[in-house]
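Here the structure is laid out as structure tokens; the discussion comes afterwards.
The values are calculated or read from the model by the stated rules, or taken from the named source; none is laboratory data. Values in this document were obtained by computation on a predicted structure and should not be read as measured data. Neighbour counts are summed over all protein chains in view; Cβ atoms, including those assigned to glycine, are modelled from backbone coordinates with ideal geometry. Surface accessibility is based on the protein's heavy atoms, side chains included, excluding ligands, DNA and RNA. Shrake-Rupley method; radii C 1.70, N 1.55, O 1.52, S 1.80 Å.
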Amino acid sequence: MTGPVTRVLRIASLLGIVALTAYVLVRYPALPDVVPTHFDFRGQPDDFGSRSSLLWLAGGGLALGLLTAWLSTKPDVLNYPGEITEANAQRIYREGERMMVWVLAGLTVVYLGICLQTFAGAGSAVLVVGLVVLMGSTLAGLIRLSIADSPG
């Protein structure tokens with residue numbers, strides 16, 4: 001059974017992904033023909049491209065968010081490092097769901113950082129936080145899955 005924190009985090013992350021995509025689409029017509037597409041470690045643009053590249057960002061962010069959210073509701077289709085048995089299935093599936101929801105949250109923060117960097121020129125810290133959440137949730141999820149797989 002999905003816990004309340006997992007449920008709220010999934011919904012909040014999905015709403016964030018949809019809101020960011022809507023923001024990109026609303027701002028799109030007013031953008032110049034050439035926009036920054038890459039930033040260095042100081043947050044300064046170091047590559048530029050067509051504003052249509054932001055449509056790819058919006059589409060990719062939305063698709064990745066929706067797919068991750070959907071996968072988080074189907075933990076039985078995920079690939080796990082250990083054997084699924086009757087005794088451990090519920091524990092493993094619960095941890096798989098949690099991990100995917102936290103990955104979704106990390107993706108949402110990364111998407112926010114990219115949007116802030118692109119539109120406001122100041123999203124490097126948010127982007128780093130998102131990457132840390134993304135990598136940390138994957139590592140923590142794998143550890144929790146290993147624990148859930150062990151008997152007892």
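In nm, to one decimal, how far is the modelled label at residue 76 from the one at residue 46, with both set 7 Å along Cα→Cβ?
4.8 nm
For the chain, what does the helix formula give at 222 nm: sum of -39500 (n - 2.57) over DSSP H segments with n ≥ 4, over the residue count, nearest 500 deg cm²/dmol?
So the calculated ellipticity at 222 nm is -24000 deg cm²/dmol.
How long is the range 10-91 along each principal axis, judged by its Cα atoms, biggest number first, in Å?
Extents along the principal axes: 58, 27, 18 Å.
Could you work out the relative contact order of the chain? I mean the mean sequence separation of Cα pairs under 8 Å and 6+ apart, divided by the number of residues, in percent.
Relative CO of the chain lands at 25 percent.
Return, for the Cα atoms of the range 1-149, the radius of gyration and Dmax in Å, separated by a comma.
When restricted to Cα atoms, the range 1-149 yields Rg and Dmax of 17.5, 58 Å.
Quote the accessible area belonging to residue 40 in square angstrom, nearest 10, computed with a 1.4 Å probe and with ligands, DNA and RNA left uncounted.
40 Å²
Between the range 91-146 and the range 1-72, what is the separation of their alpha carbon centroids in Å?
Using only Cα atoms to place each centre, the spacing works out to 13 Å.
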